[in-house]
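Novice: First the structure, then my questions, so here it is.
The values are calculated or read from the model by the stated rules, or taken from the named source; none is laboratory data. What you see is a predicted model; the values in this text were computed from it and never measured. Glycine gets a Cβ as well: all are built from the backbone with ideal geometry, and neighbour counts include every protein chain shown. Areas reflect the complete protein model, heavy atoms only, side chains present, ligands, DNA and RNA absent. Shrake-Rupley method; radii C 1.70, N 1.55, O 1.52, S 1.80 Å.
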Amino acid sequence: MLHDPPVRSLQRARGRVEVALRRRDGATRLARLFQQGSAKAFLPRVEAPAPEVALVNTAGGVTGGDVFDYRLTVEDGAAMTATTQSAERVYRALGSLPARIGVEIAVGPGGRIDWLPRETILFDGGRLHRRLEADLAADARLTVLETLALGRAAMGETV
């Protein structure tokens with residue numbers, strides 16, 4: 001997990017989510033849900049082979065000094081599709097500290113996680129340190145697709 005001191009005298013957004021799923025009685029079920037600060041997780045009821053987890057940043061975006069940590073776990077034989085509610089916006093940092101977003105993924109034997117967040121938009125002057133760590137069992141499966149958009153040229157930003 002990423003935990004740096006916040007920028008002094010400025011209110012910073014912090015959030016942490018942990019979601020764990022396990023296989024029980026022939027179905028994948030929620031084993032643990034922890035939410036803190038500006039990070040939330042929703043598990044909408046959708047008819048799909050794997051439950052979907054939608055991560056939400058209620059602060060609306062990140063800027064220098066903000067810290068968000070996400071931990072996604074599936075136990076033996078379970079599956080999950082994880083995404084974000086909307087694009088993650090990285091706004092201009094007012095100091096030298098970057099925004100920090102950490103994602104930890106753990107997949108047990110025979111398990112699967114598809115990590116498919118919506119795009120990250122890095123605006124002019126934005127600073128971001130993003131880290132993704134994965135711990136996979138030998139027969140586990142992980143799909144990762146992260147997209148980065150650089151600024152808004154149509155708004156006159158330097159891309």
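Novice: Only one of these conditions is not met by residue 124: (1) of a type outside the set (S, T, N, Q); (2) at pLDDT 95 or above; (3) in contact with an Asp or Glu (Cβ under 9 Å, 6 or more places away or on another chain). Which number is it?
Specialist: (2)
Novice: Would you check if there is a residue in segment 119-130 being over 30 Å from residue 156 (Cβ atoms) and of a type outside the set (Asp, Glu)?
Specialist: No; the residues of segment 119-130 include none that is over 30 Å from residue 156 (Cβ atoms) and of a type outside the set (Asp, Glu).
Novice: Taking segment 11-34 as the search range and keeping residues that are outside any strand (DSSP E or B) and open to solvent by 70 Å² or more (accessible area, probe 1.4 Å), which one is modelled with the lowest pLDDT?
Specialist: My answer is 11.
Novice: Suppose we filter 63, 83, 73 for residues that are surrounded by 13 or more Cβ atoms within 10 Å (Cβ to Cβ), closer than 14 Å to residue 111 by Cβ and of a type in the set (Ser, Thr, Tyr); which single one remains?
Specialist: 73
Novice: Considering only segment 86-110, state which residues are in contact (Cβ under 8 Å) with a residue 40 or more places away in the chain, touching a strand residue (DSSP E or B) at 6+ places or on another chain (Cβ under 7 Å) and either surrounded by fewer than 21 Cβ atoms within 10 Å (Cβ to Cβ) or among the polar types (S, T, N, Q) (or both).
Specialist: Hits for segment 86-110 are 87, 102, 104.
Novice: If I filter segment 114-127 down to residues being assigned to a strand (DSSP E or B) and touching a Lys or Arg at 6+ places or on another chain (Cβ under 8 Å), which single residue comes out as nearest to residue 74 (Cα to Cα)?
Specialist: 120
Novice: Please verify whether residue 138 is closer than 16 Å to residue 22 by Cα and in a loop (DSSP other than H, G, I, E, B), treating the condition exactly as stated.
Specialist: Values: closer than 16 Å to residue 22 by Cα: no; in a loop (DSSP other than H, G, I, E, B): yes.
It is false that residue 138 is closer than 16 Å to residue 22 by Cα and in a loop (DSSP other than H, G, I, E, B).
Novice: For segment 42-60, which positions are open to solvent by 10 Å² or more (accessible area, probe 1.4 Å) and of a type in the set (Gly, Ala, Ser)?
Specialist: To start, the set of residues in segment 42-60 that are open to solvent by 10 Å² or more (accessible area, probe 1.4 Å) comprises 42-49, 51-52, 54, 56-60.
48, 54, 59, 60, listed by residue number.
Novice: State the number of residues belonging to segment 111-135 that are buried (at least 17 other Cβ atoms within 10 Å of the Cβ) and within 30 Å of residue 21 (Cα to Cα). Step through it out loud before you land on a result.
Specialist: As a first pass, look at segment 111-135 and keep what is buried (at least 17 other Cβ atoms within 10 Å of the Cβ): 111-113, 115, 117, 120-123, 126-128, 130.
Those still in the list that are within 30 Å of residue 21 (Cα to Cα) too: 111-113, 115, 117, 120-121, 128, 130.
Matching residues across segment 111-135 total 9.
Novice: Can you name every residue in segment 148-159 that is open to solvent by less than 70 Å² (accessible area, probe 1.4 Å), in a loop (DSSP other than H, G, I, E, B) and in contact (Cβ under 8 Å) with a residue 12 or more places away in the chain? Spell out the reasoning first.
Specialist: Residues of segment 148-159 that are open to solvent by less than 70 Å² (accessible area, probe 1.4 Å), as a first pass: 149, 151, 156-157.
Pick out the ones that are also in a loop (DSSP other than H, G, I, E, B) and you get 151, 156-157.
Once the filter is applied, which keeps residues that are open to solvent by less than 70 Å² (accessible area, probe 1.4 Å), in a loop (DSSP other than H, G, I, E, B) and in contact (Cβ under 8 Å) with a residue 12 or more places away in the chain, segment 148-159 yields 151, 157.
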